[in-house]
1. Quick check on the stretch 156-179. Is at least one of its residues in a helix (DSSP H, G or I), surrounded by fewer than 13 Cβ atoms within 10 Å (Cβ to Cβ) and not assigned by TED's automatic domain parsing to the domain that holds residue 110?
2. Of the residues that make up the stretch 207-226, is at least one in contact with a Phe, Trp or Tyr (Cβ under 7 Å, 6 or more places away or on another chain) and part of a loop (DSSP other than H, G, I, E, B)?
3. Within the stretch 126-141, how many residues are part of a strand (DSSP E or B) and out of contact with any helix residue (DSSP H, G or I) (no Cβ under 6 Å at 6 or more places or on another chain)?
4. Suppose the filter is in contact with a Gly (Cβ under 9 Å, 6 or more places away or on another chain), modelled with pLDDT of 95 or more, of a type in the set (S, T, N, Q) and surrounded by fewer than 17 Cβ atoms within 10 Å (Cβ to Cβ); does residue 297 pass it?
5. For the stretch 252-266, name all the residues that are among the charged types (D, E, K, R) and surrounded by 15 or more Cβ atoms within 10 Å (Cβ to Cβ).
6. On the given criteria, is residue 224 under 18 Å from the mean Cα position of the chain (by Cα), within 25 Å of residue 290 (Cβ to Cβ), acidic (Asp, Glu) and outside the structural domain of residue 68 (by TED's automatic domain parsing)?
7. Filter the strands (runs of 3 or more DSSP E) completely within the stretch 285-385 down to those with at least 1 residues that are over 16 Å from the mean Cα position of the chain (by Cα) and of a type outside the set (Lys, Arg).
8. Filter the stretch 103-124 for residues that are in contact (Cβ under 8 Å) with a residue 40 or more places away in the chain and in contact with a strand residue (DSSP E or B) (Cβ under 7 Å, 6 or more places away or on another chain) and give the result.
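The values are calculated or read from the model by the stated rules, or taken from the named source; none is laboratory data. Keep in mind the model is a prediction, meaning the values are calculated, not measured. FYI the Cβ positions are ideal-geometry reconstructions off the backbone, even for glycines, and counts take in every protein chain you see.
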Amino acid sequence: MNNIRILAIPTVLICLSLLSLHVYHSSPVEEYRNKVRSMDAINKGIKISEDLEEILYYGTLAPSSHNAQMWKIRIISPDTIEVLLDKERTLSEVDPDNREALISLGAFMENITQAARIHGLNAEISILAESNFDERIVSIHFEKAVEISLEEGELLRRNLSLRDTVRSAFKKEPLRDEHVSFLLGQIPGKAHYYPLDSSDGEYLVRGIIASNEGQAERDEAQKELSRWIRFSGEEAAKTGDGLTPEMMGLKGISRWFVSHFFTTETVMKESFREKTVSTVRKQLENCSGFIILTSPSNDPSSLIDQGMELERLWLKATETGVAIHPMSQMIEEDPWKIELKEKLRLKALPQMMLRVGYVDTLPEPVSRRRPLSEIIDVQCQGEGQ
């Protein structure tokens, strides 16, 4: 989902990063978290408990395509919410069937489910959507459950807080067998690992490059991408979403340069498109391989489950120290999305492709998020809260 569809970073930006002098010191994520911890939603008149506010906050830390954050919350009662699809934030060009949108919402729900456990709650999920284009996706009812230990709760908070997409170069070494077994075991039969130096890994490298080239050539796809790029810090702070220079791995002078001289028009230039593909090549040269997630169909229930499974695996990867970078263009573009299942001898539909590998230290997350007051549907809150 390429954040879950992820922007490939132009080579010029990588070169600029060598000039980094770490001019900036404040973390956008820290700024956002400070806002949330000041009880943003409650202070703006949204009647929810502090526990529910924290649960929903961790929900917002889930990954989403282009970091578009296509989720909304409707408060039905103190212990029941609905998750809605924000149709203004879907991606019609790279995700016309809302496949990745529902996977993003599934990841959002998995975070809510995990965060609920911290507060001794079980999140019962009921599917409401009958098609991929419905607004009402699921209902979540919170019930008292066996409380987990303080240590387990803190580990959950750590994993939820630190999970992020890592776009830098990974170590060029295969994942250790115990890590492969541990990660694939989180969703048995639905996750498949392909080492970089295997024949399947080589096929995926070629396909990811070619599908990125094809997508970069499509003007409408580039225009959609440009809508979600936040080159300036002011715009990023205002929107709390999209793809920022920090998310591209830029710091210091390089980040300052991009923030001041790049615009949405830059995305449409041929040089930007070429350097995007060049950067993809470099990213693919430096990783352990790929994990592909599969589901039985493209119906809402299957896609929501896939999103929950994606986030479950990703949280465990964070705990283990394995970096993840979604690169699913092959599943978005012809002819690869048609041939991929057969080429890899998969028994189910490929839905997510993850570049994986080791780094010395998982970096602090830099993805911005909108405050809760902007995702809660205030007009439709239940009464008696």
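1. Filtering the stretch 156-179 down to residues in a helix (DSSP H, G or I) leaves 156-162, 177-179.
Subsequent filtering for residues that are surrounded by fewer than 13 Cβ atoms within 10 Å (Cβ to Cβ) retains 177-178.
Restricting the remaining residues to those that are not assigned by TED's automatic domain parsing to the domain that holds residue 110 gives 177-178.
Yes - at least one qualifying residue is present in the stretch 156-179.
2. no
3. Summing the residues that are part of a strand (DSSP E or B) and out of contact with any helix residue (DSSP H, G or I) (no Cβ under 6 Å at 6 or more places or on another chain) in the stretch 126-141 gives 6.
4. Here the answer is no, as residue 297 does not meet what is asked.
5. If the condition is that a residue be among the charged types (D, E, K, R) and surrounded by 15 or more Cβ atoms within 10 Å (Cβ to Cβ), then 255 is the only one that fits.
6. yes
7. 289-295, 349-358
8. Those that are in contact (Cβ under 8 Å) with a residue 40 or more places away in the chain and in contact with a strand residue (DSSP E or B) (Cβ under 7 Å, 6 or more places away or on another chain): 103, 105, 108, 109, 112, 113, 116, 121.
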